[in-house]
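The values are calculated or read from the model by the stated rules, or taken from the named source; none is laboratory data. Nothing here was measured: the structure is a model prediction, and the numbers come from that model. When we count neighbours, we look across all protein chains shown, and the Cβ atoms used for this are built from the backbone with ideal geometry, even at glycine.
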Amino acid sequence: METRGILWIYAIAMVAFPAAWISLLRLIGGGWEFRTVTAAFGTLEAATALLALGGATWFTAAARGRKKIGALVTVWLATACLVVGWGSMAVAHWEEYQADMALPIINLFMLLIPVGTVLVFAAAIAESASRARSKRQR
């Protein structure tokens with residue numbers, strides 16, 4: 001698969017996966033216990049962090065041998081932001097799950113989630129523009 005396609009799949013998955021999970025939880029209903037909801041959201045956040053690592057690894061494997069240093073740096077910087085952001089959210093929910101109550105956690109790492117998402121979309125747009133530019137030069 002082309003690197004451009006992989007980046008678009010990665011970028012869309014970073015938005016669609018959490019949105020689909022949250023929509024499913026809302027569809028099922030809201031009569032759950034606190035621990036169940038906390039465990040569900042903690043699982044979502046941990047899975048999203050792993051999905052980010054998988055997307056970056058997939059892109060790196062596809063870009064091997066090509067001159068895509070800028071895209072690789074951007075993707076791994078975005079992945080670091082996403083893994084730290086989603087991972088910190090998962091840890092916070094795990095702590096709340098263990099305490100069986102909401103805790104006053106101020107998690108500023110969650111601000112890295114939109115930064116990482118924007119970086120992945122920027123890499124996908126740049127890769128698409130690069131491909132279009134190379135097609136015109138031929």
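Quick check, is I28 over 23 Å from L103 (Cα atoms), surrounded by 13 or more Cβ atoms within 10 Å (Cβ to Cβ) and at pLDDT below 95?
Criteria not met by I28.
If a residue has to be assigned to a loop (DSSP other than H, G, I, E, B) and among the β-branched types (V, I, T) to count, how many in the range 65-117 make the cut? Working first, answer last.
Just the residues of the range 65-117 that are assigned to a loop (DSSP other than H, G, I, E, B), to begin with: 65-68, 100-107.
With the extra rule that they be among the β-branched types (V, I, T), the set shrinks to 105-106.
Number of matching residues: 2.
Applying the selection to the range 31-40, what residues are within 18 Å of M101 (Cβ to Cβ) and exposed (fewer than 10 other Cβ atoms within 10 Å of the Cβ)? Walk me through it before giving the result.
Going through the range 31-40, the residues within 18 Å of M101 (Cβ to Cβ) turn out to be 32-40.
Of everything in the range 31-40, just one residue is within 18 Å of M101 (Cβ to Cβ) and exposed (fewer than 10 other Cβ atoms within 10 Å of the Cβ), namely E33.
Residues L82, L72: which one is surrounded by 17 or more Cβ atoms within 10 Å (Cβ to Cβ), in contact (Cβ under 8 Å) with a residue 40 or more places away in the chain and of a type in the set (A, V, I, L, M, F, W, C)?
After applying the criteria, what remains is L82.
Across the range 93-103, which residue is surrounded by the most Cβ atoms within 10 Å (Cβ to Cβ) among those that are touching a residue at least 24 places away in the same chain (Cβ under 8 Å) and of a type in the set (A, V, I, L, M, F, W, C)? Walk me through it before giving the result.
Applying the first criterion (touching a residue at least 24 places away in the same chain (Cβ under 8 Å)) to the range 93-103 yields 93-94, 96-97, 100-102.
Next, from what is left, pick out any that are of a type in the set (A, V, I, L, M, F, W, C): 94, 101-102.
Working: W94: 16, M101: 10, A102: 9.
Applying the filter and picking the extreme gives W94.
Test S128 against the stated conditions and say whether it is touching a helix residue (DSSP H, G or I) at 6+ places or on another chain (Cβ under 6 Å), hydroxyl-bearing (S, T, Y) and within 14 Å of W8 (Cα to Cα).
Taking the combined requirement at face value, the residue satisfies it.
Look at T43 and say whether it is surrounded by 12 or more Cβ atoms within 10 Å (Cβ to Cβ), β-branched (V, I, T), at pLDDT 95 or above and over 18 Å from I125 (Cα atoms). Outline the logic, then answer.
Values: surrounded by 12 or more Cβ atoms within 10 Å (Cβ to Cβ): yes; β-branched (V, I, T): yes; at pLDDT 95 or above: no; over 18 Å from I125 (Cα atoms): yes.
Spelling it out, it is not the case that T43 is surrounded by 12 or more Cβ atoms within 10 Å (Cβ to Cβ), β-branched (V, I, T), at pLDDT 95 or above and over 18 Å from I125 (Cα atoms).
For the range 48-69, give me the residue count where each residue is over 14 Å from I113 (Cα atoms), hydrophobic (A, V, I, L, M, F, W, C) and either surrounded by fewer than 16 Cβ atoms within 10 Å (Cβ to Cβ) or touching an Asp or Glu at 6+ places or on another chain (Cβ under 8 Å) (or both).
Going residue by residue through the range 48-69, those that are over 14 Å from I113 (Cα atoms) are 54-69.
Narrowing the set further to residues that are hydrophobic (A, V, I, L, M, F, W, C) leaves 56, 58-59, 61-63, 69.
Keeping just the survivors that are either surrounded by fewer than 16 Cβ atoms within 10 Å (Cβ to Cβ) or touching an Asp or Glu at 6+ places or on another chain (Cβ under 8 Å) (or both) gives 61-62, 69.
Final tally of qualifying residues: 3.
Among the candidates R4, R64, R35, which residue alone is out of contact with any strand residue (DSSP E or B) (no Cβ under 6 Å at 6 or more places or on another chain), free of Cβ contacts under 8 Å to residues at least 24 places away in the same chain and not acidic (D, E)?
R64
Exactly one of (1) at pLDDT 95 or above; (2) hydrophobic (A, V, I, L, M, F, W, C); (3) surrounded by fewer than 16 Cβ atoms within 10 Å (Cβ to Cβ) is unmet by A132. Its number?
Every listed condition holds for A132 apart from (1).
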